[in-house]
Amino acid sequence: MDRRFALMIEPAPEALSDYAGTFAVVDASAPALSVGELSTQRGDGVFESIGVVDGHAQEVEPHLQRLAHSAQLCELPDPNLAQWRAAVAIAARNCPAGESVIKLILSRGVEKGPAPTAWVTAAPAGDFTAARTGGIKVVTLDRGYDSGAAERSPWLLLGAKTLSYAVNMAALREARRRGADDAIFVTTDGVVLEAPTASLILRFGDRFVTPAPHGGILQGTTQLSLFSHLEEQGFETAYETVPTEDLAAADQAWLVSSVRLAAPITAIDDTRLTLDSAFTAGLNAYLLSPRD
């Protein structure tokens, strides 16, 4: 059943301990936003997507911390994390069995309005079985800036998870035009970044590497969790500046995200990569286990 749930969040003081009166359940299929809402007019806001497995919201705290970080970069009011935490718990209780996704959205609100707009939605997740088991093909796409752009031009908001996803969606369309499933962004000076909606993990022997979270890379919550898991298994993990040419030298690679989880990469541009089905299944079994 396609069960959907939506919750509008009203501003609440930090000192408040019971947030029951600050939430309003709304019909997820009915109009709920003003035509003057800046999230829809300009993409002026931030968001997070939290994976849910059998009613358990995964890695809530890292997502809330990243929401706060994105809000700070966009000069939005600091989100009341206790209130958001309570909203996530309500949304998770309304998720069906299986996999779902909770989205947290914080917008600047109506233009010249008194307060930001905030809401939470929950819905069944898509079926990513094919990507998790059969793998995906990716192409590299020039992101259009060099590796120093984030530090040199902070107004580009390259480290924030904003609602302005038009470029990311255009990159996915371009990847499909090229016969691929997804893309990996690279800088104009040849440094690997991330995928439009996922983090990249590369394997070189028993060493796992992800591009260092600077230069406009969003720190991945799923990547962080997987690195902790891999370290517990005795593997070495590292954050590094990855030159584009190193992609072809990887033994294996994955795109990882909160909802699709670990999707093994079978080809990057014209380079074929090994698909280790058993190892990938182990990664996804871990990601589907309850994690806080």
Query raised in the report: Counting only residues that are touching a helix residue (DSSP H, G or I) at 6+ places or on another chain (Cβ under 6 Å) and buried (at least 18 other Cβ atoms within 10 Å of the Cβ), which one in the stretch 202-234 is farthest from TYR145 (Cα to Cα)?
Result: PHE208
Report summary line: For the stretch 35-83, the count of residues that are closer than 21 Å to ARG260 by Cβ and among the small types (Gly, Ala, Ser) equals 5
Query raised in the report: Any residue at all in the stretch 130-144 that is of a type in the set (S, T, N, Q) and either in a loop (DSSP other than H, G, I, E, B) or within 30 Å of VAL35 (Cβ to Cβ) (or both)?
Result: no
Query raised in the report: In this structure, does ALA238 turn out to be modelled with pLDDT under 95 and among the small types (Gly, Ala, Ser)?
Result: no
Report task. Restrict the check to the stretch 34-41 and report whether at least one residue is of a type in the set (A, V, I, L, M), surrounded by fewer than 17 Cβ atoms within 10 Å (Cβ to Cβ) and either more than 30 Å from ASN284 (Cβ to Cβ) or at pLDDT 95 or above (or both). Result -> yes
Requested in this report: Look at ARG132 and say whether it is over 27 Å from THR40 (Cβ atoms), surrounded by 21 or more Cβ atoms within 10 Å (Cβ to Cβ) and touching a helix residue (DSSP H, G or I) at 6+ places or on another chain (Cβ under 7 Å).
Outcome: yes
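Conditions tested, residue by residue: (1) within 18 Å of VAL110 (Cβ to Cβ); (2) buried (at least 17 other Cβ atoms within 10 Å of the Cβ); (3) modelled with pLDDT of 90 or more; (4) aromatic (Phe, Trp, Tyr).
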residue	(1), (2), (3), (4)
ASP2	no, no, no, no
LEU7	no, yes, yes, no
GLU10	yes, no, yes, no
VAL26	yes, no, yes, no
ALA30	no, no, no, no
GLY45	yes, yes, yes, no
GLU48	no, yes, yes, no
GLY55	no, no, yes, no
**Report entry** Selected residue [among the charged types (D, E, K, R) and more than 30 Å from ALA285 (Cα to Cα)] from GLU14, GLU48, GLU61
**Finding:** GLU14
**Report entry** Matching option when the condition is under 30 Å from ASP54 (Cβ atoms), touching a Phe, Trp or Tyr at 6+ places or on another chain (Cβ under 6 Å) and not in a helix (DSSP H, G or I), among ALA122, ALA118
**Finding:** ALA122
Query raised in the report: For residues in the stretch 110-126 being modelled with pLDDT of 95 or more and not β-branched (Val, Ile, Thr), which is surrounded by the fewest Cβ atoms within 10 Å (Cβ to Cβ)?
Result: GLY126
**Report entry** Among the candidates VAL120, VAL53, residue that is closer than 28 Å to SER34 by Cβ and not aromatic (Phe, Trp, Tyr)
**Finding:** VAL120
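Rundown of residues vs (1) more than 22 Å from SER228 (Cβ to Cβ); (2) at pLDDT below 95, yes/no style:
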| residue | (1), (2) |
| --- | --- |
| GLU151 | yes, yes |
| LEU172 | yes, no |
| ARG178 | yes, no |
| ASP181 | yes, no |
| LEU200 | no, no |
| PHE208 | no, no |
| ALA212 | no, yes |
| GLY215 | yes, yes |
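Yes or no, residue by residue, for (1) surrounded by fewer than 20 Cβ atoms within 10 Å (Cβ to Cβ); (2) assigned to a loop (DSSP other than H, G, I, E, B); (3) of a type in the set (Gly, Ala, Ser); (4) not assigned by TED's automatic domain parsing to the domain that holds TYR19:
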{"residue": "ALA92", "(1), (2), (3), (4)": "no, no, yes, no"}
{"residue": "CYS95", "(1), (2), (3), (4)": "no, yes, no, no"}
{"residue": "SER164", "(1), (2), (3), (4)": "yes, yes, yes, yes"}
{"residue": "ALA175", "(1), (2), (3), (4)": "no, no, yes, yes"}
{"residue": "ASP189", "(1), (2), (3), (4)": "yes, yes, no, yes"}
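The values are calculated or read from the model by the stated rules, or taken from the named source; none is laboratory data. Bear in mind the structure is a predicted one, so any value in this text is a computation, not a measurement. Please note: Cβ atoms are built from the backbone with ideal geometry, for glycine as well, and neighbour counts cover all protein chains shown.
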